[in-house]
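The structure appears right after this line, and notes come after that.
The values are calculated or read from the model by the stated rules, or taken from the named source; none is laboratory data. All values reported here derive from a predicted model rather than from experimental measurement. Methodologically, a virtual Cβ is constructed for each residue, glycine included, from the backbone with ideal geometry; neighbour enumeration extends over all protein chains shown.
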Amino acid sequence: MSSTSPEIATRGARGVEPQAASGAPVEADLGWALGVVFRRYAKTAAAALEGLPGGPRGYQVLATTRAEGPKRQLDLAAQLDVDRTVMTYLLDDLEKEGLVQRRPDPADRRARLIAPTDKGVETLCDLERRLRAREDALLGILDESERESFRAILQRLAMKANSIDPLHNACVLAEAEDPAST
């Protein structure tokens with residue numbers, strides 16, 4: 001019986017620590033550490049966004065339209081890598097909750113501009129606070145200066161990685177069964 005898993009031992013009755021195929025403890029493996037932290041972050045972020053239509057995608061719509069101003073529905077769908085039919089349903093749900101509004105584009109009355117409502121901006125601010133609190137809990141082992149350093153270093157790494165291999169929609173990665181394939 002052969003295994004392609006990098007883990008050659010497991011915790012259990014023997015009390016053996018997981019090890020990579022190289023013999024180094026898994027805890028020393030950057031990929032393992034990033035995966036564990038990302039998995040925990042994804043779960044805690046999903047809990048913070050609970051109740052928001054579309055969850056992470058709804059959050060992206062609110063955050064993008066607040067930061068960048070009103071956007072055409074099709075442009076927003078393309079930017080967030082959301083199928084335009086799915087975007088229509090998502091916007092329907094966000095609009096029903098009073099979080100976004102669709103209005104005619106003055107440059108092309110056939111197109112619709114999507115903008116957050118006042119309630120949408122308030123909701124986004126609340127979601128940002130909830131996410132930050134959950135991030136702080138996740139990073140609770142670090143003191144405040146370490147958290148800020150970690151965030152800054154991680155942001156630099158992410159910006160560099162994204163410049164080499166752009167990912168326009170983090171939801172694609174978060175929802176992928178095999179994140180390495182995106």
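What the table below lists for this structure:
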| item | result |
| --- | --- |
| Filtered residues of the stretch 87-112 (kept if modelled with pLDDT under 95 and not charged (D, E, K, R)) | Pro104, Pro106, Ala107, Ala111 |
| Residues of the stretch 125-153 that turn out to be among the charged types (D, E, K, R) and surrounded by fewer than 11 Cβ atoms within 10 Å (Cβ to Cβ), as a count | 2 |
| Selection within the stretch 80-96 - under 22 Å from Thr123 (Cα atoms), in a helix (DSSP H, G or I) and either hydroxyl-bearing (Ser, Thr, Tyr) or in contact with a His (Cβ under 9 Å, 6 or more places away or on another chain) (or both) | Thr88, Tyr89 |
| Residue within the stretch 131-143 that is of a type outside the set (A, V, I, L, M, F, W, C) and farther than 21 Å from Leu49 by Cα present | yes |
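Here's the yes/no breakdown for (1) in contact with a Cys (Cβ under 9 Å, 6 or more places away or on another chain); (2) touching a residue at least 40 places away in the same chain (Cβ under 8 Å); (3) farther than 28 Å from Pro106 by Cα; (4) hydroxyl-bearing (Ser, Thr, Tyr):
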residue: Leu49; (1), (2), (3), (4): no, yes, yes, no
residue: Val82; (1), (2), (3), (4): yes, yes, no, no
residue: Thr85; (1), (2), (3), (4): no, no, no, yes
residue: Asp92; (1), (2), (3), (4): no, no, no, no
